[in-house]
Ligand SMILES: [Zn+2]
Ligand SMILES: [Zn+2]
């Protein structure tokens, strides 16, 4: 599918739709059954603690049945036969492996783990919300779901979700080791007394100021740019494109954004709400969504604001670094949002990173040509 033009990719996607949906659901169901079998190594303790298991099991059972039915239909109707057959086979395998009713031995021991449950859950939620939204309010209606580079971005999505434990550790440990001396108990106490909504707004602002600085440094310092150029290498933006971040970029940016959160001492509930906010907004601002956002463009970072950050246009170079509040860029003189226009092209202007997850992983370390 690598060389097909967008129009043909879109037509193929529509023709294979039944098979695609079947294989997608079957894969998620198989992941979920694996999680039931090996919860201590494949699931996230923080999520395990809040799962309504009856609902989760009903979802898995429903997913298996739907995947099998759609797979069979795809084969009969020739709407993505091979994908449908794969979906049917995989859903049967998931069922044979115990399906939704695999017993989980409790308590589940805490251990090193991969976030396979987080991966399946987030992919399902985002796909259900953003794929239809992007179809209904597309900024570029010709851009298919399976546009150029989608497999690369999916690989990033997989890795960053599976490594959730490692990445969380890499985010919080530097602040704890390096900035413990700067913690100011009286300030922490004063903040803890504020209403949760105010704490959340403060947390988002503090994290955005810190990540603004980190993001700007990633653009300004040539060897740091090599890591961040990966994020800018997407020629097509959509809900999945924001996942394309080099692991060094992820760890450094998150660790820096976490420093003020650590110093200001927010409650756990506020930090959890902040994580949901940042994950949702980061997905939204990359999405292929063209509905006018009007005044919101000046209050919150919107798709149009961040799409300009990705523009392959010299006028927009090194602009719009904020992830939450666009007025931070106004404050520091890096704001760029011409009229109601959208960029004509996305990507990097020179020294383009290679395609593919593995090649991109090593590229920043390779010698500059
Ligand atoms: Zn950037
Ligand atoms: Zn971006």
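Each reported figure results from applying straightforward, stated rules to the coordinates on display, with no laboratory input. Since the model is a prediction, treat every value here as computed from it, not as a measurement. Heads up, the Cβs are rebuilt from the backbone with ideal geometry, glycines too, and the neighbour counts pull from every protein chain shown.
Using R0 = 25 Å, the C-beta based FRET efficiency linking residue 125 and residue 61 works out to 0.85.
Dividing the summed -39500 (n - 2.57) terms of all DSSP H runs of n ≥ 4 by the residue count of the chain sets its mean residue ellipticity at 222 nm at -19500 deg cm²/dmol.
Which of rounded, prolate, oblate describes the chain, given a ≥ b ≥ c as roots of the alpha-carbon gyration tensor eigenvalues and a/c under 1.5 marking rounded, otherwise prolate only if a/b is larger than b/c? Verdict is oblate for the chain. Label-to-label distance for residue 102 and residue 216 is 4.9 nm, based on points extended 7 Å past Cα in the beta-carbon direction. For the pair residue 268 and residue 11, label points projected 7 Å from Cα toward Cβ lie 5.6 nm apart. The radius of gyration of the Cα set in region 271-369, together with its Dmax, comes out at 15.3, 45 angstrom.
The C-alpha atoms of region 48-199 occupy a region whose extents along the principal axes are 68, 47, 29 Å, arranged from largest to smallest.
Note on residue 41 and residue 193: the extension gain reaches 50.9 nm, defined as 0.36 nm multiplied by sequence separation minus the Cα-Cα distance. When only alpha carbons are used to place a centre, region 215-272 and region 293-337 end up 16 Å from one another. At full extension, residue 93 and residue 50 could sit 12.7 nm farther apart than now, given 0.36 nm per residue minus the alpha carbon distance. Using only the Cα atoms of region 319-364, build the gyration tensor, take square roots of its eigenvalues as a ≥ b ≥ c, and label the shape rounded, prolate or oblate: rounded if a/c is under 1.5, else prolate if a/b is larger than b/c, else oblate. Prolate, because a/c is 1.5 or more and a/b exceeds b/c. If R0 is taken as 41 Å, the Cβ-Cβ distance between residue 166 and residue 186 corresponds to a FRET efficiency of 0.75. Taking every C-alpha pair closer than 8 Å and separated by at least 6 residues, the mean separation divided by the residue count of the chain gives a relative contact order of 17 percent. Judged by the gyration tensor of its Cα atoms, with axes a ≥ b ≥ c, region 201-312 is oblate; a/c meets the 1.5 cut and b/c is at least as large as a/b. Each label was represented as a point 7 Å from its Cα along the Cα-to-Cβ direction; for residue 327 and residue 295 these points are 1.2 nm apart.
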